[in-house]
Amino acid sequence: MVAMKRVKTFQIVFTDPSKSFYCGGDKVSGRVEVEVNEVTRVSAVKVVIRGSAKVEYAKGKQRCRQEAEYLRHEEALQLEEQPKDADGSVVLRPGNKYEYTFGFELPQQGQLVSSYKGKFGYVQYYVKALMERSQQPPIECKKSFEVEEPLDVNTPDLLSPAGGMKEKKVTCMFIPDGQVSLNAKIDRRGFCEGEDICINAKFENTCSRIVVPKAAIIAKHTYQANGRTKVFRQKLSSVRGNHIISGMCDAWQGKTIRVPKIKPSMLGCNIIRVEYALMIYVHIPGSEKLILELPLVIGTAGLGSRTNSVSSQEGSVSNASQSWVSLRIPSQPPSYCDITRDCSIDQPLTPLLDDCDEDDSPIFMNAPAFPFPLFKYLNTLSLISFQAEEEFNGNARMLPVC
């Protein structure tokens, strides 16, 4: 407290305070402002620039902690046109405002990792100033700055399509009850915030239950410390399709899910990793979900514009049982104020997606009771013919399974 009474002002001011983030190769510059309330002899003023990642969490009774350094720079600052004593110290007097200027260049792109703040770790960059005084304890101040490493998604690998298929056999009281299958594809793996992911998919239901197809964008945060790994998952946004009754199939013809306002993928840090995925899954009442995971890479805004690099063709097909249909041009970035996030820590993926709505289907279809044995009852249900239309990015028609 005594030291702060003697020093009126000691702070760091960046040359461009409005700059929201820096990239590799940029110059970080500013000044250290000093004002004193009484005559003060200053031995030296130094700045230390640091950038590091840190992970810390509890694993039972053990405290897991690990750090990784990405930037360290130190320099002594000088006052211009200020007389110095033989030992290099200067005398600061009340009523004057002294400015120590500094400037340094960040390492080139690819040598740093983007700033990050998560539940169990962070990547932080800051400038710290220290003022050493004769026969007085040193004082310090610190100011953080953001670093964002560019991540371009306009690469051949990220512009290539991704897809897959999954199927699941369903049982009822250990008796086979048909199966549920999905076949899905997206036109590319790299996206930026505000872009639409066009999903083309086909779902088939030959079990006796009413199932619901859904899709969600998932964030996976991986923390490593002391040889241990901790995973934190978030569901960022989701969409859902029509109910599919027994013996029917449904197709998504370019159904879209928008990438919310999120940080780019972080793949270059050796103790913190942020990855994204598109989960296409089918909710099956009374059974585990059928899940297909398609990895995504979220790039830096401004480098992911595909108005010239990628062209999408608009079209349609009359047969809704076909798997792939034409793609749509991404729309303008959204308003993110209504986005909700669901979180899960160190749990399997199925509970994360266990998000049944009140209007989700019961385990079995509502049908009149028949005095038939169980197998005849299930066969009778599978012969029911039903067609339903609901608008989800165009008219999707439900068809019987071929």
On the phi < 0 side of the Ramachandran plot and over 35 Å from the mean Cα position of the chain (by Cα): does that describe V48?
no
Under 6 Å by Cβ, and 6 or more places apart or on different chains, what pairs join a residue from the stretch 175-204 that is more than 12 Å from V259 (Cβ to Cβ) and outside the structural domain of M266 (by TED's automatic domain parsing) with one that is modelled with pLDDT of 95 or more and part of a strand (DSSP E or B)?
none
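Okay, residues lined up against (1) in a strand (DSSP E or B); (2) hydroxyl-bearing (S, T, Y); (3) at pLDDT below 95:
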site: R209; (1), (2), (3): no, no, yes
site: V212; (1), (2), (3): yes, no, no
site: A216; (1), (2), (3): yes, no, no
site: H221; (1), (2), (3): yes, no, no
site: G286; (1), (2), (3): no, no, yes
site: P295; (1), (2), (3): yes, no, no
site: T300; (1), (2), (3): no, yes, yes
Count of residues meeting criterion [surrounded by fewer than 21 Cβ atoms within 10 Å (Cβ to Cβ) and among the hydroxyl-bearing types (S, T, Y)] in the stretch 253-282:
1
Can you spot a residue in the stretch 95-107 that is in contact with a Ser or Thr (Cβ under 6 Å, 6 or more places away or on another chain) and touching a residue at least 40 places away in the same chain (Cβ under 8 Å)?
yes
Single residue of E67, E75, E56, E80 found to be more than 30 Å from F232 (Cβ to Cβ), part of a strand (DSSP E or B) and acidic (D, E)
E75
Any residue in the stretch 31-43 that is of a type in the set (S, T, Y) and farther than 16 Å from E140 by Cβ?
no
Looking at I245, I175 in this structure, which one is over 16 Å from the mean Cα position of the chain (by Cα) and either closer than 19 Å to I291 by Cα or buried (at least 19 other Cβ atoms within 10 Å of the Cβ) (or both)?
I245
What pairs come up if the first residue lies in the stretch 13-39 and is outside the structural domain of V90 (by TED's automatic domain parsing) and part of a strand (DSSP E or B), the second is surrounded by fewer than 16 Cβ atoms within 10 Å (Cβ to Cβ) and at pLDDT below 95, and their beta carbons are under 7 Å apart, counting only those six or more places apart or on different chains?
none
For the stretch 61-73, does any single residue satisfy the condition of being touching a strand residue (DSSP E or B) at 6+ places or on another chain (Cβ under 8 Å), at pLDDT 90 or above and farther than 30 Å from A219 by Cα?
yes
From the list K235, K230, K185, K202, exactly one residue is within 24 Å of N154 (Cα to Cα) and either modelled with pLDDT under 95 or assigned to a strand (DSSP E or B) (or both). Which is it?
K185
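The values are calculated or read from the model by the stated rules, or taken from the named source; none is laboratory data. Because the structure is a prediction, the values reported are computed rather than measured. Because the Cβ atoms are built from the backbone with ideal geometry, glycine has one as well, and the counts that use them run over all protein chains shown.
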